[in-house]
Structures are given as C-alpha cells and as structure tokens.
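The values are calculated or read from the model by the stated rules, or taken from the named source; none is laboratory data. These numbers come from a predicted model, not from an experiment. Don't worry about glycine lacking a Cβ; one is built from the backbone with ideal geometry, like all the others, and counts go over all protein chains shown.
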Amino acid sequence: MSSQLVDRVLTKDIKMNAKRKLNGNEQFFLVFKYFSLVILAIIAALPIYIMVINSVKGITGVTQSAAFVPPTHLNFDAWGPVWEQMKVPMGRTAFFVIQSSIISAIIGSINGYVFAKWKFKGSTFIFTTFLFGMFIPYQAIMIPLTQFNQWAHLGGSIYVLVFAHVIYGIPICTLIFRNYYAGIPNELIEAARVDGAGMVRIFRTIILPLSIPGFVVVLIWQFTSAWNDFLFAIFLTGGSPNLAVATTALNFITGSGNQVYYGNNMTASLIVSIPTLLVYMFLGRYFLRGLLSGSLKG
Amino acid sequence: MLKKSKLAIAAVVAVALVGATVPASNAATDKKLEIFTWWASGGEALGLKGMTDAFTKANPNTAFVNASVAGAAGTNAKGVLVSRMKAGNPPDTFQAHAGAELTSYIKAGQVEDLTFLYKQQGWDKIFPKDLVKTLTSNGKIYSVPVNIHRANVLWWNPATATKAGVTAAPATMEEFIADLKKAKDAGIDGIALAGNGDWAIAHLLDVVLLGTLGADKYNGLWKGTTSWTGPEVKKAVSNFTTILSYGNSSKALDWPDAGKLVTGGKALFFIMGDWASSQWQADGLKLGTDYTWAVAPNSVDKKPIYMWLSDSFTLPKGAKNRDAGIAWLKVCGSLAGQDAFNPAKGSIAVRTDSDATKYDSYLQAAMKEWKTDKLVGSTVHGVNWNNAAMASYNTVVGKFYTGGAKDAAGLIKGLAAIQKNGK
Amino acid sequence: MTRVRVVSELSYLEVFRILKGESPVASTTKKHVQSPWGGFVFVLPSILAMAVFVYGMIGWTLKISFSHLNSSDSTDNSFAGLKNYRDLFQDSDFTHAFSNLLKFTGVFLIGTLISGLIMALLLEKGIKGEGFFRSIYLYPMAISFIAMGTSWRWLMDSARDKDGTGLNSIFHMAHLDFLQNDWYTSERGAMFAIALPAIWQMSGYVMALFLAGFRGIPDDLREAARVDGASEYKIYRHILFPQLKPTFLTVLIILGHISMKVFDLIYGIASKSYVTKVLAIYMWQVIFDIQDFAKGSAIAIIILLCIAVVVIPYLAYVNKTEEMK
C-alpha cells in the first residue's frame, strides 16, 4: 500500500465540509454521529479506565466492587514495590525486543527489496510461501521449537527470544517492506543501472535513504508484537525468573490464584502496557501504516 | 518527520542502551540454587520465605533464586515445569505433592532417588512411615516432604453464624445442608465458592465424597473397591449439587476472594484446606474472632477424619546445581527448616519431633489429630490421582459446575472414566 | 496521474531528488530486471529459515501427531497413523472445544465487522476530532491480554444486582436488569461473552482497513452520483460497498486466522475453564497437564488445517494477481 494512500486515511481533508453551513437534517446527523462516536469511545476506554484508576488507589484499597469508582485522592503506594519487581523484566524485555526488532527490520528490508525490485524466477511463489508463515498458529510449531531449543542449548539465554521473534517475524517484515518498496518507481532503479550501479550499490544509495518510514513501521510493529508476546516467552523461557520478561513477570503477579492485593495487579498491568502505549501515542501514524501494510490488498 | 517522532525514536534508542546494561542472563560464578514452586504470594510465600531464610543461614555462600510460577494449586506451574524439563533446563529442586502426583515424575524418570539422603539424615526414623510410603516407588524414596495440610476443614465467621442462627458447627451432611438453608433465609450465601481454575470446586467434591461415603468407602474409590457408579457416589453427587446451589453468584473467583466473602460476612461457610488460615492471618485477621474452624461435616464416621496432602521437594535429574539442591533438601527435612516454614504456611511439620509451641491453636489441634485420626488422601492435591488424572478431574468438575450443576449423570460418568484410565 | 519523462533522459540523482520532493508518480513500465537470479542469494538465508522453522517444524509436528509420544513413554515413537486424529473426533472435550471455536469465530467475525464498519462509516467523511477518536478505537491493539485480563474478568463477573460488579452493575444501575448474565462463565453464552474483548481489540483495526478502503475511492465518484440525485444510502450501497469487496475479503481472512489461533485472550481471562475452552487452550492442557504430546500435536495440525483451508486459496488468488502484473 502506498504511503500516499495511508496519508489520505490519516488526514482527510475536511476543509470542504467544514465551511458549509449545515442544514437541519445534517445538523441532526452530525450530533448523532458525535454521540455515537462518544459512546463507542467510552466502551473502548472502559477496560483501561478500570486499570488506571485502580492503580492509584494504593495496594490494599482496591476492591472489585468499587472497580469503577475513582479514588478520592491519588495513592501511588503500589507503584514502588511493583516497579521493584518489574524493572528487571522490563529492562530485559526492552533489551531483547529492541535487538530483535532491529534485526527483523534489516532482514525485512533486504528481503522486501529483492521481492519488489530484483525478482528471480519463482520469486512470487517463494514470497507467497513466506506469507503463509505469517498465518500459521504458533501452536503448530511450538513442540518442535522447544525441542530445538533444547538441542541447540539456547534455553539459558534471552537470545532464544530474539531468535524466535526474528525468525517468525520474517514474513510480516518482508511484506511491509516489499509493499513499501513497490511504491518506488522502477525508473529510479533503471536509471541507476544505466549509470552502472549494481544491486547492492542501489540499495545503499537509493533504497536505504528512502526507507526510514518503512523502518519505523517495522520497528514499531515488531516492538509491539514482541513486547506483548506471551506464548513464545512462556514456552521458550519456561518461566525461569532469570529470563522473565514483561508478560511472564506480569503473569506471575496477575495469574496468581493467591492474589490478595489487586492494587499490585492493576499497577503491574498498567506499567507493562506503558511502553507500547507510548509508542502508539507518539508514533501512531506509523503504527497505522504497519497495520495497513499487513493487509496485502486494499 | 515530525520532531515529536524523532524525539520518540531517540527515547527508544536510549531505552535500548539502558536495557543493554541489564545482563541477558545470570552469569553466576558463585554457587546458586534455583527452586521451583507455585507459592508466589500470600501466606504460602511467607512460609517459603521461612524455609529459604533457614537455608540462607545454613548456606550463606549460595545465591538463592526463586523460580515461582503463579497459579494456585500449581495449575500453571506444572505446565511450565514440563516445558522446562523438555527444554533440558530443570530447576535444582521443584515442588511436588506426595502420592500419585509424585509418581508421574518418578515414572517419567525425572527425579533422583533420595534414599541415601534419608539414611544419612535419619529421616526414616523421624518421618511418619505411612507418609514416606506415598513417596516411595519400588523401595526407593524420591522426595522430601516439608508439610502436611488438612483439606477437609470447614471455616466460618462467628458473627455471620450468629446472624444466620447457626449455633454449632454441622457434624453431618444433613445438618450442613440445613445450615446452608438457614443462611439463605437470612439473606446470605450459604457457601463461598472459588470457581477460577476449577480446582476449588473439585476440592469441595473431595470433601463431600468423604462426608457422604465415609473414610473407608472413600479410600475404596481409589483402590477400586468402591464403585463410582454405585448409590453412594450418586448420593454424594446429589449432596454436592444441593450444596452448590447455595453458592455465591460470581462463578470465577480466586480462592482468597472467596475466603474474603466469609470474613466479610457475605457468605457463611468455606470449605478449604488450612492454607486459608495462613492467608487470613497474612491479611491481619485473627483466628477465633474473625474466623473459626471445625472438621468438615461427615455423615458416616463418628471420629474425625484427616484428609491430608503433603508438599515435598525433589531433586530433578540433570539439575545444574545438584549440591545446592541437596543442601536445600537437607534444610527441608531439618527441624529448623520445617518449624520455620510451617507456622507461616499454615500447615504442620512432617517431623514427629516438631515443636508445637511455635504453632497457633488451630495447627496445634491439627498436630494432635494427625497422630490419632484416620487418614484419607486429597484427590485434587495429588495423593490419589496423578497429574493427567487431576487435570481431567478439574475439567469434569468445572464442566458440571458451569453447566449449572445439572448433569449429575455426566459427572459420575466422567469421574468413573478417569479412574478407569488412570495409571 | 502524471507520467514521468522518459527515463533515459534522467540521471538517477535527478529522479532521486524528484522523489524526495514527494511528487506522485505511477509506474507503468515493467518491473523485471536483468538476470533470472536477481536477488536470490540475499533472500536465501530467509528462505532457509522459513524452510526449517516454518515448514520443517510443521512437518515435525505432523510426524509427532502420527506417533504415540507421551510423557510416560517418552521413547515410544512408534507409528500410530491417524489414530490420534480418529481419537480426537471421538473425544468429547475436543469436539466441544472445536464447536466453541467455531461459535467464537462466528461471533467475533460478525461483531468486529459490524463495529469496525460502523466506526469507519462514522469517521470516513471526515469530522473534527477524527484523530482523537481513531486513536481511542485503535489503542486496544497495542495492549496484551495478559495485562487486560483482570479488567475484563471484573467487567464480566457473573455476580448480579446489588452484588454485581462490572457490566452487570452498570446494567443494574441503568435499570436494564434483563441484560445481566453470567458472561464467560455461562454455559451457553460463554463464547459470545468471551468474543467481546476480542471484538473490542480488533474493531479499530477493521475500522482502519475500511477507512482506507473508503478513502481509496475517489470523491469524484460520489460527487457525480450526488449530482445525479442519488441518496447517500444508494451511494453506499451501489458505489462504495462494491468497491470494498477486496477490503472485506482481507478483513475476513485476517480476522478468521486470528480467531483460529486465539489463546492469550481466553487464557488471560478464563484460564482453562471448560465453557470457554477452544482448540489452542485444549492443546495447552493436553501437552502440559496431560502430557500427551502426540495428541497435542494432532490438535495443532488441525488448527493449522482450519487456517490453511481459508488462507491458501486466498494466497493463491493473491499470487495469481501478482504474477499477472
């Protein structure tokens, strides 16, 4: 999908509509629209509203029956102890997620370049086989993967997660970059070749400088999916606390049937969600681009 | 690109650099011990801490790593343990219930024979022989028991009982059901139910089976002498259905939340193992005033029965820090260790020379009864059925409960099938 | 659409500069370049990785599913043929999980399509504050269900009336008591309830896809129809929606495969509860609690087949249209 189209999604020109004075019917529709939008927004925000207000009621002050009630005064007591518990897993998660995202992006960019511009016989078919990898349920490869994990002695290090996310991120990253590069006109490549540049030189001098938006999209997408991943984390690290990452450490706090203090639970859930929420808030436009690239057509 | 985005990217890079200072894995050159349990919080974690403190005192040079996986009764932990064993990364010791559950690991060849340790530490003279039998396979002993919990305990809040017009603890199933009705008439839920994970409902079924069949017939269920499809089980399931109908309306509570219904006056009774007591005490409640206890109702046996379960620690084959693991086991079986662990955990020590003064009034009573009462094993906590059977047990009971407790025939059929398939 | 000057007149640096200025260009010349090998050597590592870690491992799982492998007999790799698959279809827990999955997929697909479409329809003509609303509808995708699990469990708690919390308490306060129900612990309605968080999470995504679809249609088409006197409804029905068929198809495929794989959401909210059990949860139980690896692998293959049945034709269609270009 071309970046222009995405920009059109993001910045609909409303100047034309706004200037006109609306007649009665249209006014009614507008009010109705806003009303519906607000209702939907409330529904969408409800779960995180619960999370946020219950994280500022201290440790013991959180009860399920008062789930919706905002606190009378802000109490950040839970944040200290929870942060103590979560800071190492969060740091470790940032460590592996950023590495795996960068590596994924590089691989995706090279692959995307080839599939978009330097095709070979059967490359479309190969590309399709890559795409299939995007759709597989991870359960289908989980048992062999854990056995591979044991055989290759990767199980003792966080790099097993870097490895897993890079490998299984290849399809989506390739797709995003390939769609992105498809928007670069071939004339550019042709002209460079006429001037004597080879594949690698063209990549370095033309493609890469233009790739920054693509990189941002892939980095955000991979960051979010690796940060939020639970399945790979729990299978491949086995819950070992030396390898605890954000989701598994969170599950430790929220999954406990021995839970006493929901304040900790809510605070931990919120803290774990903050990085991806921040990425989303500041780089949301690129996040959206990543989503739309994943749709193949349309 | 917007300045805001550039800033954001810079922030991401900064985080990466900070994160890079976090070591990717523990590059410990000193001695280390990694233990694996499901005691992640509350009274259970406090108990564990008592033991680990004792360990650290005896082994100051060993770094201690608590690889606990949350989820009551080990519902998540067991899965993670399997995954770790398969990945060739076993912990140095892990928690397993005495009885059939332990046999799962023994049969899979995953734990070491500890008979040598028993002889060395003299445990064969100090631990109750019947208990050690449940840890033995082919004459070899495979784990070190740290505690004994009682599963068939009835808890209630004295204030709530007064409100409902209940003056004495019900001794039989019939009295129990009558009391439940009194609670309902007073506008309170009769029994607190913890539906999340299904195991607590299965726990209740265990106690109702015992209370309806009596100890001998109950034990016969696992030996094959009592028929699952017979009239006794049918009666028990009928009692079970009735009791469930007096339960709270929230169907997926965690057990501490269900316990809170009782101490908070919203439900009258709670049938749960004695770890409930340590949880309430960790919450600051007082035994005797805020809550009190009795042996769970039993229509057949005149004398009280002790439905027991026991947590034990093992030595996995291929543990990376085998010596540290053995050192841990020594602490587990020691007097100091057990008397530090159990009061906080809410259980009684396995050692027969345990110091009773360290335990509260409930536990002291339990210690006395352990020596005198007839014993039956808890099914949902590993004594009678192995891991696979217990998983099916939880599923079958959960299906019955969420189905509105209507399909009694299906429940019985499912239970009979588990007994038939179990190894 | 403007055309580019004949390529040979430009040096690549010039075109580079033009492109940096973001002038829209459309390529109509053929894309193929010289040697038949192209960039093969550079994608070879990825091809190998995919071959081993996707296809190879699927094959391995398939092999295990044809064996007797389980934990008490960890050396028994003997060939069992289709026994595990036959047993599964006799296994009432499996058929229950399968039917739950189908129910979930149905509710999820329809619910998300409708809500995403409504959001897109509300926003597509452009409205003040669109960015704000779009952000709110999209943020659920950024959060994991391990984090959201407790919030949703509270929202969908089955206690009612004065004991109620969550949605039941809202209904009670709004005097809509008939709406109170057991949500995800309900015997018959559990899958409908557990589809709600899924719909919540994916509606924004569907909205984004439909928004792109709507806005990919030139405004002239609409203006022309309006000039001809067509009502808004007719415009949507006869002009816009037909053009959205590819988008619609994409949405179905993407949502469908996500639904088949669903694990985090159900595990985070309802754990292994019977009434919400789907294939992925059942597989978890079989592998970890019962430790029957052969049976678990068979379940995994079945999940894969369900997805493949839909995705492969779709990919074949995409492949064909790509080749034609």
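Brief remarks follow.
- For the range A:101-122, the set of residues classified as in contact (Cβ under 8 Å) with a residue 40 or more places away in the chain and surrounded by fewer than 23 Cβ atoms within 10 Å (Cβ to Cβ) consists of A:I102, A:I103, A:I110, listed by residue number.
- Matching option when the condition is under 24 Å from A:A140 (Cβ atoms), assigned to a loop (DSSP other than H, G, I, E, B) and small (G, A, S), among C:G106, C:G81: C:G81
- Conditions (1) surrounded by 15 or more Cβ atoms within 10 Å (Cβ to Cβ); (2) within 14 Å of chain A (Cβ to nearest Cβ); (3) more than 30 Å from C:G204 (Cα to Cα): number failed by C:T112: (3)
- Residues that are out of contact with any Leu (no Cβ under 8 Å at 6 or more places or on another chain) and assigned to a helix (DSSP H, G or I) were ranked within the range C:153-167; the one that is nearest to C:L265 (Cα to Cα) is C:R153.
- Verdict on B:V397 being facing chain C (nearest Cβ under 10 Å) and in contact with a Leu (Cβ under 7 Å, 6 or more places away or on another chain): yes
- Helices (runs of 4 or more DSSP H) within the range C:240-325 that include 2 or more residues of a type in the set (S, T, Y): C:245-261, C:293-324
- Evaluation of C:R226 against (1) surrounded by fewer than 23 Cβ atoms within 10 Å (Cβ to Cβ); (2) in contact (Cβ under 8 Å) with a residue 24 or more places away in the chain; (3) not polar (S, T, N, Q) (one fails), failing number: (2)
- Applying the criterion of being more than 16 Å from B:A151 (Cα to Cα) and assigned by TED's automatic domain parsing to the domain that holds B:N196 to the residues of the range B:372-389, the residue that is modelled with the highest pLDDT is B:A389.
- Flag for C:K277 being under 26 Å from C:W183 (Cα atoms) and surrounded by fewer than 24 Cβ atoms within 10 Å (Cβ to Cβ): no
- B:T56 fulfils the conditions (1) at pLDDT 85 or above; (2) under 27 Å from B:T103 (Cα atoms) except for a single criterion, (2).
- Within the range A:259-281, if we keep just the residues that are in contact with a helix residue (DSSP H, G or I) (Cβ under 8 Å, 6 or more places away or on another chain) and surrounded by fewer than 20 Cβ atoms within 10 Å (Cβ to Cβ), the residue that is modelled with the lowest pLDDT turns out to be A:M281.
- Hey, B:A161 within 30 Å of B:A267 (Cα to Cα) and either hydrophobic (A, V, I, L, M, F, W, C) or crowded, with 21+ Cβ neighbours inside 10 Å (or both) or not: yes
- So C:S186, is it surrounded by fewer than 22 Cβ atoms within 10 Å (Cβ to Cβ), more than 7 Å from every other protein chain (Cβ to nearest Cβ) and in contact (Cβ under 8 Å) with a residue 12 or more places away in the chain: yes
- Any chance B:D339 is closer than 22 Å to B:W39 by Cα, charged (D, E, K, R), in contact (Cβ under 8 Å) with a residue 12 or more places away in the chain and not in a loop (DSSP other than H, G, I, E, B): yes
- Looking at the range A:137-237, the helices (runs of 4 or more DSSP H) lying wholly inside it that each contain 2 or more residues that are more than 7 Å from chain C (Cβ to nearest Cβ), within 30 Å of C:Q291 (Cα to Cα) and polar (S, T, N, Q) sit at A:139-151.
- Filter pass, C:V107 being over 19 Å from A:Q147 (Cα atoms), in contact with a helix residue (DSSP H, G or I) (Cβ under 9 Å, 6 or more places away or on another chain) and either within 11 Å of chain A (Cβ to nearest Cβ) or surrounded by 17 or more Cβ atoms within 10 Å (Cβ to Cβ) (or both): yes
- In the range B:77-188, counting only strands (runs of 3 or more DSSP E) that sit wholly within it, the ones holding 1 or more residues that are over 23 Å from B:N386 (Cβ atoms) and within 25 Å of the chain's Cα centre (by Cα) span B:153-156.
- B:K368 vs. criteria part of a loop (DSSP other than H, G, I, E, B) and basic (K, R): no
- Condition broken by C:W284, with the remaining ones in (1) surrounded by 22 or more Cβ atoms within 10 Å (Cβ to Cβ); (2) in contact (Cβ under 8 Å) with a residue 24 or more places away in the chain; (3) more than 18 Å from C:F66 (Cα to Cα); (4) not aliphatic (A, V, I, L, M) satisfied: (2)
- Residues that are of a type in the set (V, I, T) and surrounded by fewer than 20 Cβ atoms within 10 Å (Cβ to Cβ), drawn from the range B:164-173: B:T167, B:T172
- Qualifying residue in the range A:154-166 (condition: closer than 17 Å to A:F115 by Cβ and either surrounded by fewer than 22 Cβ atoms within 10 Å (Cβ to Cβ) or touching a residue at least 40 places away in the same chain (Cβ under 8 Å) (or both)): no
- Single residue of C:L44, C:L88, C:L62 found to be modelled with pLDDT of 85 or more, of a type outside the set (D, E) and exposed (fewer than 13 other Cβ atoms within 10 Å of the Cβ): C:L44
- Members of the range C:207-261 that are more than 13 Å from chain A (Cβ to nearest Cβ) and in contact with a Lys or Arg (Cβ under 8 Å, 6 or more places away or on another chain): C:A225, C:I235, C:I239, C:L240
- Of the strands (runs of 3 or more DSSP E) that lie entirely inside the range B:237-330, those containing 3 or more residues that are touching a residue at least 24 places away in the same chain (Cβ under 8 Å) and within 30 Å of B:I35 (Cα to Cα) span B:305-309, B:311-313.
Residues checked against (1) among the acidic types (D, E); (2) modelled with pLDDT of 95 or more; (3) in the same structural domain as B:T263 (by TED's automatic domain parsing); (4) closer than 12 Å to B:P297 by Cα:
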site: B:A169; (1), (2), (3), (4): no, no, yes, yes
site: B:G187; (1), (2), (3), (4): no, no, yes, no
site: B:N196; (1), (2), (3), (4): no, no, yes, no
site: B:V208; (1), (2), (3), (4): no, yes, yes, yes
site: B:G224; (1), (2), (3), (4): no, no, yes, no
site: B:S227; (1), (2), (3), (4): no, no, yes, no
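- Test: residue in the range C:136-154 that is out of contact with any helix residue (DSSP H, G or I) (no Cβ under 7 Å at 6 or more places or on another chain) and more than 8 Å from chain A (Cβ to nearest Cβ): no
- The range A:267-286 residues that are facing another protein chain (nearest Cβ under 7 Å) and free of Cβ contacts under 8 Å to residues at least 40 places away in the same chain, paired with ones that are part of a helix (DSSP H, G or I) and not acidic (D, E) (beta carbon under 8 Å, 6 or more apart): A:L277/C:Y139; A:L277/C:A142; A:F282/B:K4; A:F282/B:S5; A:F282/B:L7; A:F282/B:A8; A:G284/C:S135; A:G284/C:L138
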